[in-house]
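Inspection log for the structure reproduced underneath, given as structure tokens.
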Amino acid sequence: MTNIFIFLGAWSTTKIPMILFEITQLGSKFALIRFGLNLIAIIVLAVIMEKTTTKKGCGNHV
């Protein structure tokens, strides 16, 4: 599940046209900082969502 959450988060926030737009309009420093912070946040949120959505103790284990 963590990999799925990471993929969805990265797919929605790290698109090349968005990065190019930010570099041209807001500067490369801003774009790279935002990109780096997004990657960190995506991984942290994916781990949190994995831990909170995993079913435990259902009794239906095979």
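The values are calculated or read from the model by the stated rules, or taken from the named source; none is laboratory data. These figures come from a predicted structure and were not determined experimentally. Backbone-built Cβ (ideal geometry, glycine too); neighbour counts: all protein chains shown. Heads up: the accessible areas ignore ligands, DNA and RNA and are worked out on the full protein's heavy atoms, side chains in. Shrake-Rupley method; radii C 1.70, N 1.55, O 1.52, S 1.80 Å.
Working note: Karplus 6.51/-1.76/1.60 with θ = phi - 60° gives the stretch 18-32 the couplings 5, 5, 4, 4, 5, 5, 6, 9, 10, x, 5, 4, 4, 4, 5 Hz, where Gly and Pro are set to x. Accessible area of the chain with a 1.4 Å probe: how many percent of it is carbon plus sulfur? Roughly 73 percent, rounded to a whole number. Subtracting the Cα-Cα distance of I33 and F7 from 0.36 nm times their residue separation leaves 7.4 nm of extension gain. Spacing of the modelled spin labels on I40 and I16, each 7 Å from Cα toward Cβ, amounts to 2.7 nm. Taking 30 Å as R0, compute the FRET efficiency from the Cβ-Cβ separation of E50 and L26 and round it to 0.05. The pair E50/L26 has a calculated efficiency of 0.40.
So what is the relative contact order for the chain, in percent, with contacts set as C-alpha pairs under 8 Å and at least six apart? Before the final figure, lay out the partial values.
Details: 26 pairs, mean separation 28.7, N = 62.
For the chain, the relative contact order is 46 percent.
Tell me the per residue accessible area of the chain using a 1.4 Å probe; a whole number in Å² is fine. Before the final figure, lay out each step's value.
On the way: 5080 Å² over 62 residues.
Per-residue value: 82 Å².
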